[in-house]
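Accompanying notes for the structure given below.
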Amino acid sequence: MPERAKRPPLGARLAGALRRTAEAAAERPEASRETTRGALAVRSRRDFLLFGASVVATAMAGWWLLPERTKRTWFPGTADRLDTLAARVGLTRMQREAQLNRVLTFDDDVAEALYSSHRRVRTYDRPDPRPLRNNYHGRTPGPEYLAGWRLNLSGLASGRRQSLAIDELRARFTRHDMNTRLVCVEGWSHVVAWGGMRFADLLAAYPPASGMRWAALRSNVGLDGAGNPEPYDVSIDLETARHPQALLATHHGGAPLTLAHGAPLRLVVPMKLGLKNIKAITDIAYTEAEPSDYWNERGYSKYDGL
Amino acid sequence: MPTEHETKAASEEQRRASAAARAERAARARAATQAARAARAARAAEPVRVVPKHEGLVRTAHWAHVALLIGLILSGLAIYWAAPVFRHAPSPGNPRGDYLVDAGRALVSLFGGTGNMPNWFYDRFSVGPFQLANALRLHWLFAYLYMACGALYVAGLVRGGGWRALLPRATDPAEALAMLRYYLGVVPHALSRKPWPHPPVAGKYNALQRGAYFTMPLVGALVVLSGWAMHKPAMLGWLERLFVNYDGARIVHFTCMVILGGFTIPHVILVVADGWDTFRGMVTGWSTRLKGTPHA
């Protein structure tokens, strides 16, 4: 029987591998090379010219990207002249808005690529004990609208418009409860105990017409800061609306929604920024084309996926 | 009195002499120019040894980081303004209890101002208050570029082999202490005009530099990760949990910003102290300071 070749023990082999790794990662000795002063000067001049040109280009692009208010605050005397200078090389305000909106679209595309209706949003055992902040953009509407409130549905497969009272909705659909985090675009967040029906259940009961890809949610009772009527609307892709954690909430903290938080029915989509969680919904229209969105018209993203 | 003929002859002689002097001056000047040109040519042909310091991608990423970090901080602080996470109890002058408002007031009073400007800090160290939509768009733009830049930096470290000089070593703690002792002694020894030799440096960097240049890319990675944890806490829930929760990610993100910004202060001071060769090295990539030559 041939004798088996003796292999070194495991310890020695590991030590060898470790030594080889350490050698590969060890800093190499400095390797200088010879050149001439002239060649060095030519290269150095080229590199510094390139460096200087990049600094100038970056400063110009930076100026162009700054918001108007910032320019006026930082350089009140020369802002207009610098703007004219930048506009000469094509860096206009309109160009900037177009480019920055392309950035938003790109970021929205990334968010949409990350989205999966199978992925659950994190839930919590207990809601945040502090009271939830009322972040109504304008004035909080008074209770007058509650008596006549109805949810109007359009863009349905039936081809008809549907109008539902809150009692009908509550009686007809199962209530689901969840503690999820409401994340505001401003940076604050709050774990809230929500209760309500699944948007998916409403979609199943009143299916949208074929080809519809969007839900346009609207609140006709919204008010601006002066108390004048200012409807609020958000666009929600139906992919998100069908997520099991997308609720049409009727309850908050175990009690029916208060006026400050969108009585009697609001949207709760924890996979979207807080501004998509529209309060006091009065209309849902299913559409083929992307509907308008209050905050998108004011420079924020369209998709707002978290 | 000289005759007319004599005067003519004298002036003729003068003219000739001055012409000869002019010609001689011109010849001397030509010779000088030629000599200078020859000297320049000789100097240009002089051999010189250089050592490659920084790979091209590393240099590009380094300078792009400067602009991007400034842009990220300016837009980031304007986002922070909308809902500060580090807060104290509200006071009459600062109902939001925002520490940055206090910091701004302290700075104003240093310059002799009234300190009655709650937005002083945000107006100067950010793109300003009430700019949330603008600041968010800018922040996303710079954030995507920052990630691309980080990738470029790592690619440059790999391509040029520069990563080897950054890895921590067993000798680092002792060498770092020696460097700290050296830095603390620089000013007193300069004042008393006593020699204070630089401790020997075995590789490209001393232990303090190595520690800083190894840590900063990690802080950069952490700032990106905490950023994504805040940006997509629902779909990247695992990442949000890594920072405990949403507010945890905000605090880590803010702290990383302070570390990255704070690092640049000693970094710039030491580059200025170290001299032109060090700065030129990050622009051109090479240095004429070879190992074995005395450290400035």
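Summary of computed values
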quantity	calculated
Inter-chain shielding of B:228-238 (mean C-beta neighbours from other protein chains, 10 Å cut-off)	6
Stretchable slack from B:Leu290 to B:Ala45, in nm (0.36 nm times residue separation minus alpha-carbon distance)	86.2 nm
Within the range A:99-146, chymotrypsin sites (Phe, Trp or Tyr not before Pro) in DSSP loop having at most 14 other beta-carbon neighbours inside 10 Å	A:Tyr124
Which of A:Pro207, B:Gly203, A:Ala79, positive extreme of dipole for the protein assembly as shown (C-beta unit charges)	B:Gly203
Stokes-Einstein D for the range A:124-298, Kirkwood Rh over Cα pairs, 37 °C, 0.692 mPa s (µm²/s)	202
Cβ neighbours within 10 Å from other chains - mean over B:142-152	1
Surrounding net charge for B:Gly104, when Lys and Arg each add one and Asp and Glu each subtract one, Cβ distance under 12 Å	-1
Most mobile listed residue (B:Pro52, B:Pro84, B:Pro188) in chain B, GNM with C-alpha springs under 10 Å	B:Pro188
Gyration tensor verdict on the range A:222-306 (Cα atoms; rounded if a/c is under 1.5, prolate if a/b is larger than b/c, oblate otherwise)	oblate
Top of B:Pro118, B:Pro90, B:Pro217 by mean-square fluctuation, Gaussian network on chain B, Cα under 10 Å	B:Pro90
Theoretical ellipticity at 222 nm over chain A - DSSP helices of four or more residues, -39500 (n - 2.57) apiece, nearest 500	-10500 deg cm²/dmol
10 Å Cβ neighbours from other chains, averaged over peptide A:29-39	6
Three-way shape call for chain A based on the alpha-carbon gyration tensor, with the a/c threshold at 1.5	oblate
Neighbourhood net charge (14 Å Cβ-Cβ; Lys/Arg +1, Asp/Glu -1) for A:Arg88	0
Of B:Ala41, B:Gly262, B:Pro188, farthest towards positive along the dipole that unit charges on Lys, Arg, Asp, Glu beta carbons give chain B	B:Ala41
FRET E, pair B:Arg241, A:Glu144, Förster distance 41 Å, beta-carbon r, rounded to 0.05	0.40
Spatially proximal lysines relative to A:Lys302 (Cα-Cα < 19 Å; intrachain offsets below 8 disregarded)	A:Lys272, A:Lys276, A:Lys279, B:Lys232
The range B:222-269 versus the range A:11-75: alpha-carbon centroid distance in Å	25
Kyte-Doolittle mean at least 1.0 and Cα axial length at least 30 Å: DSSP H helices in chain B	B:56-82, B:132-160, B:246-274
Candidates B:Trp228, B:Trp163, B:Trp196: whichever shows maximal mean-square fluctuation once chain B is modelled as a Gaussian network with Cα springs under 10 Å	B:Trp196
From phi via Karplus (6.51, -1.76, 1.60), per-residue ³J(HN,Hα) for the range A:266-283 in Hz, x at Gly/Pro	9, 8, 10, 10, x, 8, 10, 4, x, 5, 8, 7, 4, 9, 6, 5, 10, 9
Label-point separation, B:Asp277 to B:His189 (7 Å along Cα→Cβ), nm	1.8
Mean Cβ count within 10 Å, highest first, over the residues of peptides B:124-130, A:228-234	B:124-130, A:228-234
Relative contact order %, chain A, counting alpha carbon pairs below 8 Å whose residues are six or more apart	18
Charge tally in the Cβ shell below 14 Å around A:Trp188, where Lys, Arg are +1 and Asp, Glu are -1, A:Trp188 excluded	+2
Alpha-carbon centroids, the range A:254-306 and the range A:169-237: separation in whole Å	5
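Computed from the coordinates by the stated procedures, all read-outs in this text should not be read as laboratory data. Treat the numbers as computed from the prediction; the structure is a model and nothing was measured. A quick note on method: Cβ atoms are made from the backbone with ideal geometry, for glycine too, and the neighbour counts reach across all protein chains shown.
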